[in-house]
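Just so you know, all these numbers are worked out from the coordinates, no wet-lab data involved. Remember, it's a predicted structure, so these values are computed and weren't measured experimentally. All Cβ positions, even for glycine, are placed from backbone atoms using ideal geometry, and neighbour counts span all protein chains on display.
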Amino acid sequence: MRPRWRGSREDRDLDDELRDYIARRTAQKIRDGLSPDLARRTALAESGGLEPIKEAMRDARLAHRIAEPLRDLRYAWRMARRSPGFAAVTVVSLALAIGANITIFSVTNALLLRRLPVEDADSLVMFRKDDPTPRAAFFRYTFNYPEFERYRTESSGFSGLAAVGVFDRAGLAIAAPDSRRVTPDPNPVRVSVVSGSYFDVLGVTPGIGRVFTDRDDTIAGGRAVAIVSDAYWRRRMNGTPDVLDYALLLNGITYAIVGVARAGFSGDWVGRPVDVWVPAAMYGRVLPEAPGPGLTRFGARIVARLRPGITRQQAEASAQAVMRRSMTTDFGPAPTAEQSSYVDRTRLRLLPASAGFSPDRESFGPVLAILSGMAALLLAIACANVATLLLTRAAARRTEIALRLSIGASRARVFRQLLTESLVLACLAGALGFVLSTWVTTAVSTFSLGPLQLDARAAPPSLSLDLLPDRHVVVFTFGICLFTAVVFGIAPAVRGVRLPLFSALRDQRGASGPRRLGSARTFVVVQVALSVLVLAGAGLFGRTLRNLRSLDLGVDRAHVLLVWTSPGQTGRRGADLAALCRVVLDRLATVPGVVSASASNRGVLTGNDGGLPSEMMIVPGHPPKAGQFTSASAIAPGYFLTIGAPMLAGRDFTDRDTETGPPVAIVNETFARFFYGNASTIGQRFATPGGAGRPYEIVGVARDAQHGSPQVHRAMKYFPYRQQSGLMRDMNVVIRTAGPPKAIAGRIRETLHVVEPGLPVFRIDTIEEQLDAVLAQERLVAAIATAAGLLVTALACIGLYGVVAYSVSQRTNEIGIRLTLGARPSAVAAMMLRESLTLVGIGMAIGIALTLASARLVVNRLFGVSPADVPTLAAAAVLLGAVALAAAGLPARRASRVDPMTALRCD
Amino acid sequence: VKQDKSAATLLKGTVDLLILRTLELEPRHGVGIADRVYETTAGAFAIGPGSLFPALHRMEDRGLIRGDWRETDEGRRAKFYVLTAAGRRHLDREKQAWARTVVAMQQVLG
């Protein structure tokens, strides 16, 4: 439809024209001898009044403008109904592609674009510290609470700073007002520990009651108060109006509920909705297993609001200075060269926090980029496919179009009509795609992004994104429908109206060489080229996954069961904690089917590849050596035997390696080779930075086993858990089983419950399951790439079949002549086939070049396979070639069976 | 686009045809067209502004004619209509159709 302003301009134009008309008529009558006044009145009277004319013309114009698109729509709908097969193929293939795009956009939107429901989100920033130590993105955002207080008191540029930590806690209970009814919450509850300033800084108001103030966490010993989220209040407390009379019980402390946060606010961490907030002063009570006094070990994120008029850069400079001072203080008056260099290489950054906190953005961002790219390719291929089909159909419809043009329809009108048809197809596809994506997003909304992390400070594994379609998604959907319609509809529409009128009407079948389908052929080439790209991607990601799955993990996959638990959450510390661990392991060893049981505090295949730069390690007799990262783990005796990673030299830890014994350590091969080369490692000593200074004596060397990701080798050092009694707060029990590991999982759970009912058991799984979890992103990419590969192959099949079949039907005449003149049927089939296979060949060549050029973009997501992997490319080409042969072969064979006489007569 | 053969359409078509034919000779403004048709048909067809302007604007929309504001001899501005190439083709077709209609009608009516 034309823009509205045209109406008023046309109205003015018409006014001028009519005024001119009356003026001329008046002038004529004056010349005829009438007085000017009478002349004008007569002219007006004869015209029948100007207003009725204007009115009638406006009405006609309006009706025309509404009726025309409606007529186009009705016509388009009729066309779709007339060839339901064509419409179905078009709509379904586009719907799959559009649905994929909407799904991936929904995830991107929820993770990256959606703004926090807080006051003036644009002036919020979050702190991030980039130091040379490799660590999971999450840990770059955590600061010691004392460090937070330094920023709060010493830096300028902020109108407020808040500290926040999020922890999943087992064993929370809800106490009704009379305190007689106490309902335990069977699930882990997400507790957020926040400074009293948190709600004020974010500008979040209470829905009921009040939010925290600074008083709540400045009172000595803390104030046992809690705020619950609107969702938790509705879910667990049935939205009771007297919520302020309720209390929460956690680790023996009773927290009075003082408020319910405003509906829609569930913390600033995207994808980790918070259930309960408590003041920072309660940190030690919420995490009794946390070592150290008071708040010193509270690893908190810092969210701050910029003072009005202060830029992010100014505030950053001020905070950076505070950080430098704080680090220099930590390293003492005479820092070593390494320490100074460490300070110099550490940067404090303030990042915009308007879209909330999400470390998943960094780990999941590249995956989303790959998936978006794949979805875009899929859409491009579907568009090329539909354009091909439309072009072949437009060729078949040229008689109809020519007829419409000849009876006076303007080309613009026919063009609009053809585009409307595309738009109808695209909108049908968009609606179907939207429904499809709603199903898929429901399925992926709690998608697990990685393995369980034992460290209570680390990110819990599953991402619960709110994927309900919002304004962005709706706009995106409409946009993509329009875009799609234009992309696949414009070429056929242009071609449709460009046809030479007379020849089209005269020869309805006529001479039709390969040139007739010119642009359809181009689209076949484009489609094949992009399909090669998608198939090669599927192959590369599939092989990456297979390579990662079949890596030597250094552990026995078939006979090991992993039990993820947290003895620290029972409230025990020090020697009591070690004693509990020992009792647990002793009792598990007696369960039938268990060969041996041991434990580490780190776990196997956690995906966490953090470590200390090797130059920070102190190895007597050796200068600091850079180039590796070292991780540490506390383990129980028998660990290496249990996981199936044999000791290569020296001895394992025993029950005699206790608190009172000399400090000992076991290192892995990588550690031994890196620091000592070929020299004997047993008996060597090393010390860790910041340690008490007592060096550890190496008593054994173990085979490398993967604790983080399957593909990352770290230099490991292991310590006896009783010499590091604080470390077994979180415990990954490893059990060597006689039979299939999963068979005794139930018995293990029961036994643990008998030993200590308060011991939370998060998960019991096998090495293979853990591997699947740590490879979640790779699996997702491979699965989607495979699905996309299958889809584009099917589309290529449809597109090619359509073109060849049409070409055969158009050339029946010519084929008839050839056959009459003595051409062998097989030669005719070969001729038809050759033409289509040439297109496929060109497409493949372009596709392979494209793949070679673009696979470099994903090279760091590949493992054990080069982006220019010949077998993968060959497989993609062979698969497409075979499909093309089948799709083109069918109609080509039909061509060879044409009866010459019928063919010649059919004009 | 369906060709409606009712009497009203025929009449509307007639006005269009008369206008196009008038413009085939030279560009004219609204009054010029009406006066010219009136003179050449010896007063048989007096096209009032109520049917003249809708017809002009409809044909301008369809791309058969184009309107331009120009200065006239006496120095006034007026909207002149010019036949486009599409209009010329349309007129040719319509003339032939009209001729066939006339022959057919005469054969029936004697």
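Here are a few things to note about the model shown:
- Under Karplus coefficients 6.51, -1.76 and 1.60, residue-wise ³J(HN,Hα) of the range A:873-883 in Hz, glycine/proline x: 4, 4, 4, 4, 5, 5, 4, 5, x, 5, 4
- Net charge dipole size for the range A:144-263 [Lys, Arg +1 and Asp, Glu -1 on Cβ; Debye, nearest 20]: 340
- Cβ-defined net charge surrounding A:P637, 13 Å radius [Lys, Arg +1; Asp, Glu -1]: 0
- Note on A:V761 and A:W77: with the Förster distance fixed at 56 Å, the Cβ-Cβ geometry gives a FRET efficiency of about 0.40.
- Label zone at A:R557, where the point sits 7 Å out along the Cα-to-Cβ direction: the range A:740-784 residues whose backbone N lies under 12 Å: A:767-772
- Loop-located GluC sites (Glu not before Pro) in the range B:34-110 whose Cβ has at most 13 other Cβ within 10 Å (DSSP): B:E74
- 28 Å Cα cut-off, lysine pairs counted over the protein assembly as shown (separation 8 or more, or different chains): 15
- Spin-label pair A:E768-A:L857: with each label point 7 Å from Cα along the Cα-Cβ axis, the two points sit 3.6 nm from one another.
- Difference of contour (0.36 nm per residue) and Cα-Cα distance, A:R546 to A:L38: 173.1 nm
- Peptide A:55-62 - average C-beta neighbours from other chains (10 Å radius): 2
- Three-way shape call for the range A:848-907 based on the alpha-carbon gyration tensor, with the a/c threshold at 1.5: prolate
- Distance-filtered residues of the range A:118-137 - backbone nitrogen under 18 Å, label point 7 angstrom along A:R307 Cα→Cβ: A:123-126
- Within chain B, helix-based [θ] at 222 nm, where runs of 4 or more DSSP H residues each add -39,500 (n - 2.57), nearest 500: -20500 deg cm²/dmol
- Dipole check for chain A: with +1 at the C-beta of Lys and Arg, -1 at the C-beta of Asp and Glu, and the Cα centre as origin, the magnitude is about 3280 Debye.
- At an R0 of 25 angstrom, the distance between the Cβ atoms of A:A431 and A:A787 translates into a FRET efficiency of 0.70.
- The mean number of Cβ atoms from other chains found within 10 Å of a Cβ in peptide B:23-33 is 2, as a whole number.
- Full extension of the chain between A:R325 and A:D120 yields a length gain of 70.7 nm, computed as 0.36 nm times the residue separation minus the alpha carbon distance.
- Value of [θ]222 nm, deg cm²/dmol, for chain A, DSSP H segments ≥ 4, -39500 (n - 2.57) each, nearest 500: -17000 deg cm²/dmol
- Per residue of B:87-99, other chain Cβ atoms within 10 Å of the residue Cβ number 1 on average.
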